[in-house]
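Reviewing the structure listed below.
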């Protein structure tokens with residue numbers, strides 16, 4: 001408490017010594033007020049595993065709500081620099097109005113280790129409104145679902161499950177009009193996020209949980225699906241996890257003529273570009289930054305290593321958070337080898353996913 005008071009006193013002193021407008025003073029004392037830039041206050045931090053934690057947030061008054069399965073972008077200041085990342089919302093709408101995200105610390109990451117290991121209750125973070133189409137159909141009556149998740153890919157699905165099957169003092173509230181099977185993959189049980197909640201839902205009969213731990217059963221293969229889910233053809237499948245898993249599920253479902261709903265992690269590299277210089281322009285970089293990049297490394301990875309602040313949600317299972325406009329030059333899609341070319345005066349900025357694109361000669365990307 002004393003530390004927080006000293007921090008607030010220091011902020012007030014800085015404001016008094018700086019020429020600011022009235023809204024700047026309101027931001028200090030009422031950061032969650034209506035009409036302000038959208039922010040949230042960290043209310044609680046709950047460790048989930050050794051390298052993952054859930055942050056419960058109280059959003060500002062202009063928060064418009066969300067649908068379970070959606071995600072939000074969160075902006076945090078680390079070492080004086082604001083970084084933005086995307087995380088799935090891990091609860092459905094709550095009676096207290098709070099929202100939650102669950103973050104897995106990425107080795108060498110800038111933001112996720114800070115959120116997991118250093119964030120304290122009372123911290124103010126910037127947020128954006130919820131986004132995403134990885135949601136369940138409406139109405140839900142008489143529906144059968146198969147969820148397939150791997151690692152932190154469980155995060156959007158746990159929000160759906162908590163909304164479908166609320167937990168009260170009397171236990172889990174089940175329902176007879178929805179049939180859910182969940183196949184959850186993880187290296188081991190201790191590495192499995194939300195494992196106790198998933199097992200409780202299974203014990204209550206709300207879901208049929210199939211836990212697949214690599215240290216016990218080896219690497220999962222889609223050939224096991226027919227055995228694990230005999231009525232697979234009658235279920236709508238929702239999957240979230242690494243690209244390799246989703247690619248295999250996609251092939252499997254196409255053969256069956258079944259639709260697959262996915263939220264994808266970073267894609268794997270299939271082919272390489274030719275390499276070249278990439279110049280980042282725009283206010284977010286502070287000034288133009290130019291890098292020489294090789295042919296095999298995604299632009300997102302190489303830029304982050306070089307210290308360029310890049311938008312991204314790929315590591316959290318959120319796709320398209322890394323999209324930026326290509327203003328000039330060419331990049332190659334590492335998944336299929338396609339060349340994307342932007343010509344000034346002919347193309348008005350082509351959106352490219354920097355997590356799966358490599359430089360294919362000199363190019364300019366608007367940051």
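Worth pointing out:
- Added length on full extension, which subtracts the Cα-Cα distance from 0.36 nm per residue, residue 254 to residue 295: 11.6 nm
- Estimated [θ] at 222 nm from DSSP helical runs (n ≥ 4, -39500 (n - 2.57)) normalised by residues in the chain, nearest 500: -6000 deg cm²/dmol
- Of all beta bridges that DSSP places with both ends in segment 126-279, some 10 percent have antiparallel geometry.
- Counting 0.36 nm for each residue step from residue 176 to residue 120 and taking away their Cα separation leaves a gain of 16.1 nm.
- Between 173, 207, 183, the GNM of the chain built on Cα springs shorter than 10 angstrom shows 173 fluctuating the most.
- Here the relative contact order of the chain, from alpha carbon pairs under 8 Å that lie six or more residues apart, stands at 13 percent.
- Sorted by Cβ neighbour density within 10 Å, fewest at the top, the residues 192, 176: 176, 192
- Space enclosed by the convex hull of the alpha-carbon atoms of segment 64-195, per residue, Å³: 141
- Calculated FRET efficiency for the pair residue 350/residue 107, C-beta based, R₀ 30 Å, to 0.05: 0.40
- The antiparallel fraction among DSSP beta bridges confined to the chain stands at about 60%.
- FRET E, pair residue 34, residue 167, Förster distance 35 Å, beta-carbon r, rounded to 0.05: 0.65
- Using C-alpha pairs under 8 Å with a sequence gap of at least 6, the mean separation divided by the residue count of segment 168-260 gives a relative contact order of 24 percent.
- Normalised contact order of segment 31-127, rounded percent, pairs of Cα under 8 Å and 6 or more residues apart: 34
- P(r) histogram, all alpha-carbon pairs of the chain included - 10 Å bins from 0, percent: 5, 21, 29, 25, 15, 5, 0
- Residue order, fewest to most beta carbons within 10 Å, for 217, 58: 217, 58
- Full-stretch length increase - residue 323, residue 343 - with 0.36 nm per residue and alpha-carbon distance subtracted: 5.4 nm
- Taking other Cβ atoms within 10 Å as a rough exposure proxy, 357, 100 sort from fewest to most as 100, 357.
Each value in this text was obtained by applying a stated rule to the coordinates, not by laboratory testing. As the structure is a prediction and not an experimental result, all values here were calculated from the model. Using ideal geometry, Cβ is built from the backbone for each residue, glycine included, and neighbour counts are taken over all protein chains shown.
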